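The values are calculated or read from the model by the stated rules, or taken from the named source; none is laboratory data. These numbers come from a predicted model, not from an experiment. So basically every Cβ, Gly included, is an ideal-geometry build from the backbone, and we count neighbours across all protein chains shown.
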């Protein structure tokens, strides 16, 4: 999966949880939780979706690696190479 | 003959709109079956019937707004013969399935302003038989929001191609089918608003059929001279909104008004007292981390679930916080059903009940909590969840403020608040360290309990959170 594809997948998962936030409104370097107003339940749902979409388990210890869109893209690219 | 009436789905509810019937005359119903969808100012709620029998007659058509208590349908006992045997041509309505986090209709509903009920139509349960999009009687499968919009626009649902699950018409489909609105000059638009003229009904005489100020004034004059008189007893129809965003603003405004009325009443009538304490949650979080490490993501438990369960168990020890103040006295509730405050995206609040939270294991509590939050935000809350809360718990999660002192929802007598988990210096056994700490608060009705009992309650929660393995 290319980087744009991964990013699109992350934004799509985010959209399911925060439908009123437009993809173009997300600053890739800033906190996703703050920009999309995600509480802990929302974030868990996001992580679960991403795990399902990419076919991986994401341990709680790795949550900080999903703080921004850029971080998500890097993490998912590294962790789910079979989707490349 | 049994009656199914418009339920009160909240202390502040005066009227509700019967959006959709889920049963037809001749259908057998059992206590607890969902028979209709009702729209309050806050959300579309699935409503259950509390008697068993057979549906005899539906008295109120879809789309009608009626006061709470209005008889909506009549039921007859199961063994009585129907007055007229009506052939049932329609396929049975599938039983609603619990909404799952990932299970959305194939055409996702368009992003809507928060406060509007997003279509609650969900993919049919696996056990349901396949349903044709337009059955013989012409009843079209459509979401409540699609129905409402189509009714307002005068569009026949049967002419719209549905892109939802099993060919259902969703709101986006209706929007696509709507004729483009006529061009309207800003002056004409403002005039139409002031005179309460529906622009869709105005013939435009300007260039290209545009609606001018003169056209609007003409329409207003024609309307006022016709002076129709509504037959008494007919339900009043709400003024037609000009467009989807006006509709969103109306609903948002209506919800804010409902909330405003409820909190104003609460503060006016309930003598609140407030207590707060800090809880060391280091043991709870360590236990949670270890437990979650071996579980797949779908089974992870959040601190919020632990706090909810601890609150529910603590209420067994202090039952005067779990019940209702009505007619000058406290009535303890039969069960412990904490209402979970869920903030709707972009504004607004509902607090549906998680029934019997004290008796459910932690995994079940977490699963139901996920479901409640999901359905509170996207639709599908049930009548029982809206009316059964015996106390409210508000948890501002880990991005909120340190503490919250809430406003009690009458007729409840207490509201429990959990703030953000913050690292704080903590002294224990003569040593100082840093611990994750949460501020736990109680706002309670002084008519039903006093500070001593309130303190015992908070102490109990604190103790329970020190032994998370026992929750």
In the stretch B:35-77, which strands (runs of 3 or more DSSP E) lie fully inside it and hold 2 or more residues that are out of contact with any helix residue (DSSP H, G or I) (no Cβ under 8 Å at 6 or more places or on another chain) and at pLDDT 90 or above? B:53-58, B:71-76
Select from the stretch B:376-418 the residues that are assigned to a loop (DSSP other than H, G, I, E, B) and either modelled with pLDDT of 90 or more or under 23 Å from residue B:41 (Cα atoms) (or both) and list them in ascending order. B:379, B:380, B:388, B:389, B:390, B:406, B:407, B:408, B:409, B:410, B:411, B:413
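So if I check each of B:364, B:387, B:326, which one is surrounded by fewer than 23 Cβ atoms within 10 Å (Cβ to Cβ) and closer than 30 Å to residue A:63 by Cβ?
After applying the criteria, what remains is B:364.
Regarding residue A:46, is this residue crowded, with 17+ Cβ neighbours inside 10 Å, at pLDDT 90 or above, more than 7 Å from chain B (Cβ to nearest Cβ) and over 22 Å from residue B:376 (Cβ atoms)?
On the way: crowded, with 17+ Cβ neighbours inside 10 Å: yes; at pLDDT 90 or above: yes; more than 7 Å from chain B (Cβ to nearest Cβ): yes; over 22 Å from residue B:376 (Cβ atoms): no.
For residue A:46, the condition - crowded, with 17+ Cβ neighbours inside 10 Å, at pLDDT 90 or above, more than 7 Å from chain B (Cβ to nearest Cβ) and over 22 Å from residue B:376 (Cβ atoms) - is not met.
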Using the structure shown, decide if residue B:425 is touching a strand residue (DSSP E or B) at 6+ places or on another chain (Cβ under 7 Å), without any contact (Cβ under 8 Å) to a residue 40 or more places away in the chain and assigned to a strand (DSSP E or B). yes
If you go through the stretch A:52-81 one residue at a time, how many are in contact with a strand residue (DSSP E or B) (Cβ under 9 Å, 6 or more places away or on another chain), outside any loop (DSSP other than H, G, I, E, B) and within 14 Å of another protein chain (Cβ to nearest Cβ)? 0
Consider residue A:64 against the criteria (1) in contact with a helix residue (DSSP H, G or I) (Cβ under 9 Å, 6 or more places away or on another chain); (2) exposed (fewer than 15 other Cβ atoms within 10 Å of the Cβ); (3) in contact (Cβ under 8 Å) with a residue 12 or more places away in the chain: it satisfies all of them except one. Which criterion is unmet? (3)
Please state which of the following conditions residue A:7 fails to meet, knowing it meets all the rest: (1) surrounded by 19 or more Cβ atoms within 10 Å (Cβ to Cβ); (2) within 15 Å of residue A:73 (Cβ to Cβ); (3) modelled with pLDDT under 90. (3)
Please go through the stretch A:10-43 and give me each residue that is more than 10 Å from chain B (Cβ to nearest Cβ) and either buried (at least 16 other Cβ atoms within 10 Å of the Cβ) or modelled with pLDDT under 90 (or both), ordered by number. A:10, A:11, A:14, A:23, A:24, A:25, A:26, A:32, A:35
